[in-house]
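What follows is a single structure, written as structure tokens, with notes after it.
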Amino acid sequence: MGEIVFTEKQEALVKESWEILKQDIPKYSLHFFSQILEIAPAAKDMFSFLRDTDEVPHNNPKLKAHAVKVFKMTCETAIQLREKGTVVVADTTLQYLGSVHLKSGVLDPHFEVVKEALVRTLKEGLGEKYNEEVEGAWSQAYDHLALAIKAEMKQED
Ligand code: HEM
């Protein structure tokens, strides 16, 4: 893959918006999962903490952990894209991510669902501060991270 151009401005936008969302993890992780299930109701059964409930549970540690991981790792990816022009995830982390998602039955199209849910959550959290530039920066970072996880899942398949 060629060198990726990810600007300082883009990095700053991602970092700033994560700082805002981080202030209310219970709220935004709930919103994030509600969006995932609205877009893809069938995705529910993949998540251990959603399987046996009719509603998205409030203050569930596993739910919060997954939401935080997706946002935080995307933010870290943005930093690496700007610094190094490429995604760097530690091999062990990537192997772990590959196997967890493979085992859970996650498929390539699910990554688009999660991306859309992420974008909607940003919109909700940022209000007037949300714009296409913010969306573009997050999308670009997320796409590169998702690509790395999907590649690992194929290797393990
Ligand atoms: C588990 C990160 C995308 C579904 C996990 C875990 C991490 C993670 C770190 C392990 C959680 C733990 O053991 O504490 C990410 C990142 C993603 C991503 C960074 C995207 C960039 C997705 C997508 C789906 C998904 C697209 C499917 C819609 C799951 C499921 C588990 C899991 C079902 C097992 C959780 C459980 O049942 O407790 N993910 N994930 N993830 N992920 Fe993801």
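The values are calculated or read from the model by the stated rules, or taken from the named source; none is laboratory data. Because the structure is predicted, anything quoted here is derived from the model rather than measured. Virtual Cβ from ideal backbone geometry, glycine too; neighbours counted across all protein chains shown. Remember, those area values only see protein heavy atoms, side chains included, never the ligands or the DNA or RNA. Shrake-Rupley method; radii C 1.70, N 1.55, O 1.52, S 1.80 Å.
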Next item on the list: Determine which residues of region 123-157 fall in the zone a paramagnetic label at Gln95 would reach in this model, i.e. backbone nitrogen under 13 Å from the point 7 Å along Cα→Cβ.
Entry: 156
Margin query: Using the Cα centre of the chain as the reference point, and only Cβ charges (+1 on K/R, -1 on D/E), how large is the resulting charge dipole? Debye, rounded to the nearest 20.
Written below: 360 debye
Notebook entry, point to check: Suppose every K and R has +1 on its Cβ and every D and E has -1 on its Cβ; what is the size of the dipole of region 1-94 about the Cα centre, in Debye to the nearest 20?
Noted result: 140 debye
Check: Roughly to the nearest percent, how much of the accessible area of the chain is carbon and sulfur, given a 1.4 Å probe?
Finding: 52 percent
Note to self: I'm checking a number: the convex hull volume of the Cα atoms of the chain, normalised per residue, in Å³. What is it?
What the structure shows: 110 Å³
Note to self: Probe of 1.4 angstrom, ligands and nucleic acids ignored: what's the accessible area per residue over the chain, in square angstrom?
What the structure shows: 56 Å²
Next item on the list: Quick one: of Lys9/Lys44; Lys22/Lys154; Lys9/Lys62; Lys84/Lys115, which pairs are farther than 30 Å apart, Cα to Cα?
Entry: Lys9/Lys44; Lys22/Lys154; Lys9/Lys62
Checklist line | Computed over region 1-83, Cα set: Rg, Dmax in Å | finding: 15.2, 45
Next item on the list: May I ask you to rank Thr86, Thr92 by accessible area, largest first, using a 1.4 Å probe over the protein chains only?
Entry: Thr92, Thr86
Next item on the list: Step through the residues of region 99-109 one at a time and calculate ³J(HN,Hα) from phi using the Karplus curve (6.51 cos²θ - 1.76 cosθ + 1.60, θ = phi - 60°), rounding each to whole Hz and writing x for Gly and Pro.
Entry: 6, 4, 6, 4, 4, 7, x, 6, 10, 3, x
